[in-house]
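Input: a single structure, listed below in structure tokens.
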Amino acid sequence: MYVAIILIQLVVSIVVGLYFLRAMRREKRGAGNSTPESVREMDKLRKMREVHLNMPLGEQVRPKRFSDIIGQEEGIAALCAILCGPNPQHVIIYGPPGIGKTCAARLVLEYAKQQSDSAFKKDAPFIEMDATCVRFDERAIADPLIGSVHDPIYQGAGPLGMSGVPQPKPGAVTRAHGGVLFLDEIGELHPMQMNKLLKVLEDRKVMLDSAYYSESDKNIPRHIHDIFKNGLPADFRLVAATTRRPEEMPPALRSRCMEINFRPLNAEETALIARNAASRAGYTLEEGCDRLIGRYSPGGRDAANLVQVGAGLARNEHREQITIADIQYVLRTGSYAPRMERRVCGGRNVGRVNGLAVFGANSGAVLAIEAVAFPAKSGKGVWQATGIIEQEQLDAGSRKMTRRSTASGAVENVRTALRAKGLDVDAFDVHIDFPGGMPVDGPSAGVAMAVAVFSAMTGRPVDGCVAITGEIGIGGEVLPVGGVPAKVDAALSGGAQRVLIPRENYEKVFESQPAVQIIDTLSDALRVAVGAAELEEGESVAAFVEMPVGVLTAKEV
């Protein structure tokens, strides 16, 4: 009898235990998991996941090796130097869209994992986010970038929330711990989020807070106590990409990061991407079709898109070749604009000089500079400069001040430098123009303007295959300027046979480019651009001056 009672109690205990165990499991899974509605929704999700469209051509041609990233060899080498060692750094990549910034960052991390001295382990994560899509909530309910705390008062707090326990939710910075956080378009990040990110970069952890957290609360699990005391780990390396210019980025962020410029692709490089994309899609391109695509594609993504639509037209007509007519149709219906690429003027011209400019993310361009000179009608000659000459607006508290462009200021330096060389600048009315609609700022056109004005005053032609950059000092000396490598690339791509740059801007890389020549003074520039046989060492510029009989204009001779 006694044994029977013990057996009955044991059976009852087992049944009750199984009941509560099952109840706990059901609560953990959620009460809705076993309902008919939940079953129908799960079935619907499974069916949706079985449907797959073909991969877009842009994804098919996405680089899988460094050699697949066209035109960014220098940028990739710099990125490897920053990330692939024992002490990787944060980095900002500048450059236009569609040139391989994201792919380069992903491939560099994979390459770093293979290095024996790399700080990244084999399982280092690559977390990618777009700063334009990062939600900012002033109430801090959800923060997918930094992380947040789900307090008990919010819907969906779960079993812990019902017990009054605040629950930390890790953000992307914690998921990137030990790896790379790639933040695209970081220049669009909300200022508050930017400040939080800077704090994380400094501390390498995320500190969270909640009014519902109490250190003495026994209901709070130990791991949550640890998070509130010591923070969530966030030791990662930031690779930020932006299409903005460096001066538009927060100085506090720039001071914490290395900086790399990925250059824009030229027409030949985008044409190569178009050929590769067509080959991947199983089509051939008609002769000249790749060059047409390259002319209208500023980036690799644009080239792949044009090929994909052209391939669609060819497929509809059961052709295996994409024709020029196909691409012209796509360009016409898509309202594409040709890329802005200027070539040097060539020939020998009076008053016309090839200057050099830099714009955007370290992109160079050939800049036409024209000058005409008239005998002054009376008194002191009048000088003026036209074109898109930028002005800078300064914020002075309650006042707004506008400062004259440094390009306009360079005109005064040109006038003084030519007077110092013996030229009677007051005897002429001078008009300098920057045609073509390119905004001009900075003093780097000073030497080119001086050469153009000298040519217009003396009637002596300038070599149209020479391109010039450099600031002009009031004594005629040539001063250093910025963006010279990009300017040199633009000049050589534009057909320049000689590129004149300030001595202080000369770099070792130019040793392999014999067309690049150093100038120290205005006389050096005149000697090359106007002709060595016409200007001997030490000879005054005034020796060239011949009062014009009529109006001297920028004309070809």
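Laid out as a table, the results:
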| quantity | calculated |
| --- | --- |
| Three principal axis lengths of region 29-133 [C-alpha, angstrom, descending] | 58, 32, 27 |
| Residues Ser214 and Asp68, FRET efficiency given R0 of 51 Å [Cβ-Cβ distance, rounded to 0.05] | 0.40 |
| Eligible lysines near Lys218 by straight Cα distance, threshold 20 Å, same-chain separation 8 or greater | Lys229 |
| Cross-link partners of Lys47 among lysines (Cα-Cα below 29 Å; sequence separation of 8 or more within a chain) | Lys28 |
| Leu198/Val12 FRET efficiency (R0 51 Å; Cβ-Cβ; nearest 0.05) | 0.25 |
| Charge dipole (debye, nearest 20) of region 267-334; +1 at Cβ of Lys and Arg, -1 at Cβ of Asp and Glu | 160 debye |
| Using alpha carbons only: equivalent-ellipsoid semi-axes of region 267-334, gyration tensor based, whole Å | 16, 12, 10 |
| Relative contact order %, region 267-334, counting alpha carbon pairs below 8 Å whose residues are six or more apart | 36 percent |
| Förster radius 22 Å - calculated FRET efficiency between Arg419 and Glu504 (Cβ-Cβ, nearest 0.05) | 0.35 |
| Pairs beyond 30 Å (Cα-Cα), from Lys121/Lys205; Lys101/Lys487; Lys113/Lys205; Lys101/Lys122; Lys44/Lys113 | Lys44/Lys113 |
| Prolate/oblate/rounded label for region 458-518 (Cα gyration tensor, a/c 1.5) | oblate |
| Chain lengthening between Met42 and Ala337 when straightened (0.36 nm per residue, less Cα-Cα) | 101.4 nm |
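Bear in mind that the values in this text are calculations on the coordinates, not laboratory data. Please read these numbers as outputs of a predicted model, since none were measured by experiment. Quick reminder, even Gly has a Cβ in these numbers, built from the backbone with ideal geometry, and neighbours come from all protein chains shown.
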